[in-house]
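Novice: Sending over a structure as structure tokens; questions will come in a sec.
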Amino acid sequence: MVSPFVSATWLRHRLLDGLKNLRVVDGSWHGPSSKNNGKKDFERQRIESAVFFDIDEASDKKTDLPNMLPSPEEFAEYVGKLGISNNHHVIVYDNNPEYGVFSSPRVWWTFRVFGHNDVSVLDGGLPRWVSQGYPTVSGPHPTPTPLPYKATYQPHLVVDARSKERFDGTAPEPVPRVPSGHIIGALNLPFVKMLDPNTRLMVTKQQIQEEFEKAGVDMNKPMVASCARGITACTLALGAAILGKEIPVYDGSWYEWLQKAPKETYKLGIKS
């Protein structure tokens, strides 16, 4: 089993060694309210040899809910076209300027859902890579040579990763007309608690343990990570994996719960 995350120095050395079993993936995604665009950012600046994983594109198109998991067949086809096989160690990063690590845990989790355990997140993302003086490239990316890929869905077992204000219902959701609030009985552990605000690296293993404990989470009991739409919840799943705990992510998260769950199961906050 590979480490859930790797350092920029580790990746740089492996790329210089020319390891054939590595595939670097840019999983940048900024959200619907952002003016940034992950694919355009990828063409503007990326790690050489990286391919772009489009979280919006690699999703279930048969539902109105955003960013739901694709079928195993759809995932296999999409990933195979990126030139990734089941034998590759996939390194995922994103280029979020505020957090360093934001959407890449979602890509990491998606690979794991479909049975690909050799996948790691680049700690600190592209901002960390650039800050250490490592090279990047720009411009259109050549089309990868497709490779065979087999996806096997792993039914994961699935604490709320949104901000305390959104969880409490005192701040709005970033999506218009969707109220904030939370599932009754849920605990709140904002995903930013997994990240050092100064270095934009993952916090230490001990700090991750402490944050789960402060949130009231018993790591010895089953749990599910949730957020708004299944993106930042994956950062909690990544933190738990560092502690040696496999936790599920509720794919539909808060937005699906609002549509499908009985009203007595949630507490609403304000709307944007």
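The values are calculated or read from the model by the stated rules, or taken from the named source; none is laboratory data. The structure presented is a predicted model; accordingly, all values stated were derived computationally and were not measured. Note: ideal-geometry Cβ built from the backbone for every residue, glycine included; neighbour counts use all protein chains shown. Surface areas here come from the heavy atoms of the whole protein model, side chains and all, with no ligands, DNA or RNA. Shrake-Rupley method; radii C 1.70, N 1.55, O 1.52, S 1.80 Å.
Novice: Would you check which residues across region 97-107 are under 21 Å from Glu48 (Cβ atoms) and either in contact with a Cys (Cβ under 9 Å, 6 or more places away or on another chain) or surrounded by 24 or more Cβ atoms within 10 Å (Cβ to Cβ) (or both) and list them?
Specialist: First, pick out the residues of region 97-107 that are under 21 Å from Glu48 (Cβ atoms): 97, 100-101, 103-104, 107.
Gly100, Val101, Ser103, Ser104, Val107 - these are the residues of region 97-107 that are under 21 Å from Glu48 (Cβ atoms) and either in contact with a Cys (Cβ under 9 Å, 6 or more places away or on another chain) or surrounded by 24 or more Cβ atoms within 10 Å (Cβ to Cβ) (or both).
Novice: Next question. As an exercise: evaluate Ala76 against (1) in contact with a Lys or Arg (Cβ under 7 Å, 6 or more places away or on another chain); (2) farther than 30 Å from Thr265 by Cα; (3) open to solvent by less than 60 Å² (accessible area, probe 1.4 Å); (4) part of a loop (DSSP other than H, G, I, E, B) and give the number of the one condition it does not meet.
Specialist: Answer for Ala76: the failing condition is (4).
Novice: Here's something else I'd like to know. Given the residues Thr204, Thr235, which is the only one that is modelled with pLDDT of 90 or more and within 26 Å of Ser71 (Cα to Cα)? Reasoning before the result, please.
Specialist: Values: Thr204 fails: within 26 Å of Ser71 (Cα to Cα).
Testing whether each residue is modelled with pLDDT of 90 or more and within 26 Å of Ser71 (Cα to Cα) leaves just Thr235.
Novice: Go over the candidates Ala240, Ala186 one by one and state the one that is open to solvent by 20 Å² or more (accessible area, probe 1.4 Å), out of contact with any His (no Cβ under 8 Å at 6 or more places or on another chain) and among the aliphatic types (A, V, I, L, M).
Specialist: Working: Ala240 fails: open to solvent by 20 Å² or more (accessible area, probe 1.4 Å).
Testing whether each residue is open to solvent by 20 Å² or more (accessible area, probe 1.4 Å), out of contact with any His (no Cβ under 8 Å at 6 or more places or on another chain) and among the aliphatic types (A, V, I, L, M) leaves just Ala186.
Novice: Going by what's in this entry, would Lys39 be described as open to solvent by 10 Å² or more (accessible area, probe 1.4 Å), closer than 26 Å to Ala228 by Cβ and part of a loop (DSSP other than H, G, I, E, B)? Full working, then the answer.
Specialist: Numbers: open to solvent by 10 Å² or more (accessible area, probe 1.4 Å): yes; closer than 26 Å to Ala228 by Cβ: yes; part of a loop (DSSP other than H, G, I, E, B): no.
For Lys39, the condition - open to solvent by 10 Å² or more (accessible area, probe 1.4 Å), closer than 26 Å to Ala228 by Cβ and part of a loop (DSSP other than H, G, I, E, B) - is not met.
Novice: Can you tell me which condition Pro197 does not meet? The list is (1) within 19 Å of the chain's Cα centre (by Cα); (2) in a helix (DSSP H, G or I), and all the others hold.
Specialist: It is condition (2) that Pro197 fails.
Novice: Moving on. Can you name the number of the only condition in (1) outside any loop (DSSP other than H, G, I, E, B); (2) over 17 Å from the mean Cα position of the chain (by Cα); (3) within 15 Å of Val119 (Cβ to Cβ) that Val92 fails?
Specialist: (2)
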